[in-house]
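Student: Quick one: structure below, then a few questions.
Here, each number is a calculation from the coordinates, and none is a lab measurement. Everything numeric in this text was worked out from a predicted model, so none of it was measured. Cβ placement follows ideal geometry from the backbone for every residue including glycine, while neighbour counts extend to all protein chains displayed.
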Amino acid sequence: MKSVKRAIAQAIAEVVARPVDEIARMLEYPPNPSLGDLALPCFQFAREMRKNPAQIAEELAARVREAAGVETAEAEKGFLNIRLARAPFAAQVVGQAISSVHGLFSQERGRGRTAVIDYSSPNIAKPFGVGHLRSTIIGHALKRMMREDGWKVEGVNHLGDWGTQFGKVIAAYLKWGNEDEVRKDPVKELFRLYVRFHQEAESSPELEDEGRLWFKKLEDGDPEATRLWRWFIDESLRAFKQVYDLLGVEFEHYIGESFYNDKMDAIVRELREKGLLVEDQGAEVVDLSAYDMPPCIIVKSDGTSIYATRDLAAADYRHKALGADTLLYVVGAEQKLHFQQVFKVLELMGRDYAKNCVHVQFGLMKFNGQRLSTRRGHVVYLEDVLRKAIEEARAIIEEKNPGLENKDAIARQVGVGAVIFNDLKTYRIHEVDFRYEDVLNFDGETGPYVQYTHARASSVLRKAEADAMAWEWAADYQPDDAEWALVFLLAQANESLERAIDAYDPSVIARYALQLCHAFNRFYHDHPILQAEDPARQSRLALTRALREALAKSLYLLGIEAPEEM
Ligand code: ARG
C-alpha cells in the first residue's frame, strides 16, 4: 500500500487540474472519524477556479463519488469528506500485509541511492555517555528505516581514537594504572585515569607537560606510546562491542579518527590551492564570516590539525570509497555549529554531495529529571543501565508469567527494548527523561506494551494454527468501526515510514506502533476471534496476522526485538 492518500488524490487531481502529489499532501485524516476517512480542504482552489470553496467541494463530491473504492463523498463547509468502501479496501490491505516479506512497505524511494550514517562514535578513554547512547539508538533505527525504503545504507562508527587525551591517559596509566584493571573494565578504568590526571594536574601543573609530551611521542610514532594507544583502543572496543551486542546494534565499518591522520594533508593543500585558507592568530582557518559563522579552524597554531579537518577528510572518504551520495551525522545538538561549518567548507570546496549532508541532532537525555555532567564525574554507564533494565524486566516476567520458557532471553529483549523504545518514542529533538519504573510499565506507552501486544496477537495466531484455521479477509466481510480503524491504520504503514525518514525521526514509527497497539487492543477487547463464526473469524484472524506483521516490522525498524511470548 504505497499511500492511501495518493490513490484518492488521483481522482481529485484531474478535476482541479493540480498534480497528484500536491493533492495527496493536502488530504487530511480527520481527527474525528465520524467525518469520514479523508478530508480535503477546498479553500486553496477558490481563487484559481473563481468559485467559492463550498461550490468546489460540491463539484468534487459529485466526481469523487464515482471513483473506484469510494463509498461516499460529501461536501461540508468547504471541505470534501470521503469515506472508502470498506470491504474491498480491507481485503487489499490485509492481503498485502501478510503476503509478502515487505508487507505494507513499498521499498521504493531510496532505490539506487547510498547513505552513510555516522552514529554512536564514542571517544576512547572518555565515557560512553548518554549522548552516545541516543546516537547509537537513533542511528541504528534510521539505518533500518532507510533500508526498508530501498536505500543502501552503511553504518559508520567514527571512533574518537585520536587526540590529546591519549597523552594524558598514557601518562596517568604509567603512574597509577595497571594492566589487570584496564583489562577488567577498560571503559571505566581509562576514564578513571583520565579524571585522576585532571585532578592531580590542578596541584601539579607539570603533569600537563607530561601529557603533552606523550601525545607528541604518539604523533611521532614512538613504539611504547603507539603500543599503549593501540591497546587502549582494542580493550575499549571490546567493551563497546559488548554493549552493542546487548543492544543488537551493528556497524558496517569502524573507522576511527586516526584513520584520517595521513589524509588531511591533501585537504589542507586543496584548501590552500583554492584560496580558502587564511591566517588567523597563527592558525589556518576558512573564513566563514560571509555566512555569519565563526572561522572553521583547519590547522592549529601549533601545526596540529583538528576535529573539523578530520571530518572533511572523512566526508570525502565516505563519498569516494563508500559510495555515499547522502551523509548523515547522528550527533548531539551541541555540535550544530561544527557541522554547519564543515558542510559549508565542503560546499566551498565544490563538493556536490555537500547539499546532501545532514546533521541529525537530538536532545539531551536526563535520568529521573536530572542532567548528567561528565565533568563532575556524574556518569551513568550504559551497560549498567541496560543490565538493570533487564533485571527489572526479569522480575516483572517472573511475577506475571512464571511458567514462561527462556525467561532470561526474553527478559533481555524486554529490558533492552524498554530502554530503546523510551528513547525513540520521544521526538528526536526533544529531551528524553529516563525512569526505570516508567520505561518498564507494561500498561504505559512503552516498549514492553508494544511487545506485549505483539505477543498477544501471536498467541491468538498460534492457537488458530494449531487448529488449522484459515486466515484470509473474506471479500464480503464488512468491517465494523473498530476493525476498520485498525485496517485504515495498517494502510498508513508506508506513509509513516516515509514521514519518519523525511524527518530523520524514528519517533514517527514508535508512535505509529503505539497507535496500532491501541487500535488492536480496542478491537481485541470486544471482538471474539477464535470463537467467532466465519466470515468474521477468518477475517479477524487475517487482521490479527496483519497487525502482528506490522508490529513486528515496526519494532524491527526501531531496533527492538519482538518476542512471541512474554
Ligand atoms: N566522537 C565525537 C564525540 O563524542 C562524535 C563524532 C561524531 N561524528 C563526526 N563525524 N564528527 O563528540
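Student: In region 35-118, what GluC sites (Glu not before Pro) fall in a loop by DSSP, with at most 16 other Cβ atoms inside 10 Å?
Tutor: Glu66, Glu108
Student: Here's something else I'd like to know. Take the alpha carbon atoms of region 78-217, find their radius of gyration, then divide it by 2.2 N^0.38 Å using N residues; give the quotient.
Tutor: 1.81
Student: Below 20 Å, Cα to Cα, which lysines can Lys400 reach? Residues fewer than 8 away in the same chain don't count.
Tutor: Here the lysines satisfying the reach criterion relative to Lys400 are Lys388.
Student: Another question, then. Just report the Cα centroid separation between region 273-294 and region 164-183, whole Å.
Tutor: Between the Cα centres of region 273-294 and region 164-183 lies a distance of 37 Å.
Student: Cut-off under 27 Å on the C-alpha distance; same-chain residues fewer than 8 positions from Lys51 excluded. Which lysines are left, in chain and number order?
Tutor: Partners found: Lys5, Lys77.
Student: Grab the other residues whose beta carbon is less than 9 angstrom from that of Glu483, score K and R as +1, D and E as -1, and report the net.
Tutor: After counting each charged neighbour, the total is 0.
Student: Which of rounded, prolate, oblate describes the chain, given a ≥ b ≥ c as roots of the alpha-carbon gyration tensor eigenvalues and a/c under 1.5 marking rounded, otherwise prolate only if a/b is larger than b/c?
Tutor: oblate
Student: Can you give me the C-alpha center-to-center distance between region 295-351 and region 386-434, rounded to a whole angstrom?
Tutor: Answer, in whole Å: 37.
Student: At what distance in nm do the modelled label points of Glu14 and Lys388 sit from each other, each positioned 7 Å from its Cα along Cα→Cβ?
Tutor: My value for the distance between the label points is 6.2 nm.
Student: Using the Cα atoms of region 154-297 to build a convex hull, what is its mean projected area in square nanometres?
Tutor: 12.0 nm²
Student: Suppose the Debye formula is applied to equal point scatterers at every Cα of region 1-108; what is log10 I(q)/I(0) at q = 0.14, 0.17, 0.21 Å⁻¹?
Tutor: Summing over Cα pairs of region 1-108 leads to -0.56, -0.79, -1.10.
Student: Give the residue list of trypsin sites (Lys or Arg not before Pro) in region 315-412 that are DSSP loop and have at most 11 other beta-carbon atoms within 10 angstrom.
Tutor: Passing both the DSSP loop test and the Cβ count: Arg371, Arg375, Arg376.
Student: Can I ask one more? Between the helical axis of 382-400 and the dominant principal axis of the chain, each derived from Cα atoms, what acute angle in degrees is found, rounded to the nearest 10?
Tutor: With both axes taken from Cα atoms, the answer is about 40 degrees.
Student: Could you give the length gained on full extension between Lys184 and Phe43, defined as 0.36 nm per residue of separation minus the Cα-Cα distance, in nm?
Tutor: Here the segment from Lys184 to Phe43 would lengthen by 44.0 nm.
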